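Worksheet: one structure, shown below.
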Amino acid sequence: MAYVTWDSSLETGNEVVDREHRGLYDLLNELYDSIVESSGVEVQGEVLSRLADYAVVHFADEESLMRSIGYPALGEQQRMHKDFVAEVSEMSEEWRSGGTLLPLTVAMFLRQWLQEHIGTEDKKIGEFIRANRG
């Protein structure tokens, strides 16, 4: 069973953003599976690093979309994205250095953040797109 499950209620209506959101969910599920399967810190760290890199690309694409549609909360979204990247980078560094960070703590943080952000903040982008079609 998946750790996080995508459903159509999370869609923004933008094909690229929605595909990338599903990709983030897929990478989080891959990370969780690697933890449950005790794949080792190296494998888990590699998946976490790929997730962090993917998030940076996704945030750039999402912010580009928001600019192109004149989304009023772009600045707030950029701040949230920057904070997320900083947090995940810090976790990734601690993970690689053999710190005391627990893998499940990382997975739970990522699940909570992604579900809340996509389900609340990014959903507003979809609502804005639908309200301003014309």
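The values are calculated or read from the model by the stated rules, or taken from the named source; none is laboratory data. What you see is a predicted model; the values in this text were computed from it and never measured. All Cβ positions, glycine included, derive from the backbone under ideal geometry; neighbour counts span all protein chains shown.
When the residues of the range 100-119 are narrowed to those that are touching an Asp or Glu at 6+ places or on another chain (Cβ under 9 Å) and farther than 16 Å from Ser49 by Cα, which ends up surrounded by the most Cβ atoms within 10 Å (Cβ to Cβ)?
Only one residue fits best here, namely Trp113.
Anything in the range 9-66 that is hydroxyl-bearing (Ser, Thr, Tyr) and closer than 21 Å to Asp83 by Cβ? List them, or say none.
Scanning the range 9-66 gives Thr12, Tyr25, Ser49, Tyr54, Ser64.
Hey, can you tell me all the residues within the range 125-134 that are more than 16 Å from Asp7 (Cα to Cα), in contact (Cβ under 8 Å) with a residue 60 or more places away in the chain and surrounded by 14 or more Cβ atoms within 10 Å (Cβ to Cβ)?
Scanning the range 125-134 gives Ile125, Ile129.
Kindly provide the set of residues from the range 17-58 that are of a type outside the set (Val, Ile, Thr) and more than 19 Å from Leu101 (Cβ to Cβ), ordered by number.
Asp18, Arg19, Glu20, His21, Arg22, Gly23, Leu24, Tyr25, Asp26, Asn29, Tyr54, His58
Can you tell me which residue is surrounded by the most Cβ atoms within 10 Å (Cβ to Cβ) among those in the range 39-66 that are touching a residue at least 24 places away in the same chain (Cβ under 8 Å) and closer than 14 Å to Leu104 by Cα?
Leu48
Can you tell me which of Asp122, Asp83 is of a type in the set (Asp, Glu), loosely packed, with under 13 Cβ neighbours inside 10 Å and either without any contact (Cβ under 8 Å) to a residue 40 or more places away in the chain or under 21 Å from Tyr54 (Cβ atoms) (or both)?
Just a single option satisfies the conditions, and that option is Asp83.
Determine, yes or no, whether Ile69 is surrounded by 18 or more Cβ atoms within 10 Å (Cβ to Cβ) and closer than 27 Å to Asp7 by Cβ.
No, not satisfied.
Conditions tested, residue by residue: (1) at pLDDT 90 or above; (2) within 16 Å of the chain's Cα centre (by Cα); (3) not aliphatic (A, V, I, L, M).
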{"position": "Leu48", "(1), (2), (3)": "no, yes, no"}
{"position": "His58", "(1), (2), (3)": "yes, yes, yes"}
{"position": "Glu62", "(1), (2), (3)": "yes, yes, yes"}
{"position": "Leu65", "(1), (2), (3)": "yes, no, no"}
{"position": "Arg79", "(1), (2), (3)": "yes, yes, yes"}
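Here is a yes/no grid of residues against (1) within 13 Å of the chain's Cα centre (by Cα); (2) farther than 14 Å from His58 by Cβ; (3) modelled with pLDDT of 90 or more; (4) exposed (fewer than 11 other Cβ atoms within 10 Å of the Cβ):
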residue	(1), (2), (3), (4)
Met1	no, yes, no, yes
Glu15	no, no, yes, yes
Arg19	yes, no, yes, no
Gly23	yes, no, yes, no
Leu27	yes, no, yes, no
Asp33	no, yes, yes, no
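This table checks each residue for (1) in contact (Cβ under 8 Å) with a residue 24 or more places away in the chain; (2) closer than 27 Å to Ala2 by Cβ; (3) of a type outside the set (Phe, Trp, Tyr).
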site	(1), (2), (3)
Glu37	no, yes, yes
Ser89	yes, yes, yes
Ser97	no, no, yes
Leu102	no, yes, yes
Glu116	no, yes, yes
